[in-house]
Amino acid sequence: MITSTTNTISKLDAWILASRPKTLLAALVPVVVGTSIAINDNKFHLTAALIALLCSILIQIGTNFVNDLYDFLAGTDKKERLGPQRAVASGIISVNHMKAGIIITFGLSFILGLYLVYLIGWEILLIGIISIIAGIAYTAGPFPLAYNGLGDLASFLFFGLIGTVGTYYVQAEEITATVFWSSVPVGALITNILVVNNYRDRLEDQSNGKHTLAVLMGEKFTRIQYVLFMILSYSILLIVFFTYKQSLLVFLPILSLPVAIKLIRMIYTLHGKELNKTLELTAKLSALYGLLFAIGILL
């Protein structure tokens, strides 16, 4: 446990902190939604679904480790940052140990993913390699995505399209229009977690030379982006229902609309560290929406 005087922390707690447990919902939601559609289509494959879940979580943890390390090396993570404590910047995990953690985490994901390659084919290997490269390239390499305004797009594609559709594909060995459209709100709401994070940190990032989309486009644009992703997430339910004749239960995510409205108010009224509350609730909304959507599909 962290203390205010010595700032000491156990090794286990340090790695748990670095894995950013609250962000792991983002890895869970696409798999839950994709699997629920597979079950509905009588394509469910338990082992494939579990492996997809483990790989998704490991890639997310590996990406968080890379982010922790390379934000520190780039000088953008400091002890006085607005967001939660970071492991390398705080000195509780060394640079070399974090590099080892990155290799081990992505390595385990790759090894587990080989089972999906065995089940489906080489295309899964390609998707897995691209996902790992994207996780590393998010904050590392010669052109880090998060530092060049591409973090939002990467989040939308990998958590939405690739995460949801990929989970369905490894079970059904096909892609349907329903799972494609269902991936849109998943990606939009998970990307909104990043939008809040970058909105909170925009001034700090700007001074550190980190050109997130919030830095490049400004405060007004970022708030509008957040609202539009909310609108998109709930509007897409109409497409799923009217185009593919799903049950009215597909509208279950509307039960989470009051939370979305509350969040829109928060992003227009809160500032600085106050936005940590908005960040946490945005993550919970993505999980709640995904759970309700999955239940609606299954029922």
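Of the residues that make up region 266-279, is at least one in contact (Cβ under 8 Å) with a residue 60 or more places away in the chain, touching a helix residue (DSSP H, G or I) at 6+ places or on another chain (Cβ under 8 Å) and within 30 Å of T178 (Cβ to Cβ)? No, region 266-279 contains no residue that is in contact (Cβ under 8 Å) with a residue 60 or more places away in the chain, touching a helix residue (DSSP H, G or I) at 6+ places or on another chain (Cβ under 8 Å) and within 30 Å of T178 (Cβ to Cβ). Note on region 128-145: residues that are touching a Leu at 6+ places or on another chain (Cβ under 9 Å) and either among the β-branched types (V, I, T) or part of a helix (DSSP H, G or I) (or both) amount to 5. Sub-7 Å Cβ pairs linking a first residue in region 55-75 that is free of Cβ contacts under 8 Å to residues at least 60 places away in the same chain to a second residue that is outside any helix (DSSP H, G or I), at least 6 apart or interchain, are N64/R20; D68/R86; F72/R86, ordered by first then second residue. Criterion applied to G121, G218, G163, G141 was being touching a residue at least 60 places away in the same chain (Cβ under 8 Å) and of a type outside the set (A, V, I, L, M, F, W, C), and the one residue passing it is G163. Only one entry in S94, S109 is of a type outside the set (D, E), buried (at least 16 other Cβ atoms within 10 Å of the Cβ) and out of contact with any Lys or Arg (no Cβ under 6 Å at 6 or more places or on another chain), namely S109. Restricting L255, L285 to residues that are of a type in the set (A, V, I, L, M), assigned to a helix (DSSP H, G or I) and surrounded by 14 or more Cβ atoms within 10 Å (Cβ to Cβ) narrows the list to L285.
Does region 152-174 contain any residue that is over 19 Å from A283 (Cβ atoms), in a loop (DSSP other than H, G, I, E, B), out of contact with any strand residue (DSSP E or B) (no Cβ under 8 Å at 6 or more places or on another chain) and of a type in the set (A, V, I, L, M, F, W, C)? No: region 152-174 contains no residue that is over 19 Å from A283 (Cβ atoms), in a loop (DSSP other than H, G, I, E, B), out of contact with any strand residue (DSSP E or B) (no Cβ under 8 Å at 6 or more places or on another chain) and of a type in the set (A, V, I, L, M, F, W, C). Checking each residue in region 26-38 for being hydrophobic (A, V, I, L, M, F, W, C) and crowded, with 20+ Cβ neighbours inside 10 Å picks out A26, A27, V29, V31, V32, V33, I37, A38.
Every number here is computed from the coordinates shown, using simple stated rules; none is lab data. Keep in mind it's a predicted model, so treat the numbers as computed, not measured. FYI the Cβ positions are ideal-geometry reconstructions off the backbone, even for glycines, and counts take in every protein chain you see.
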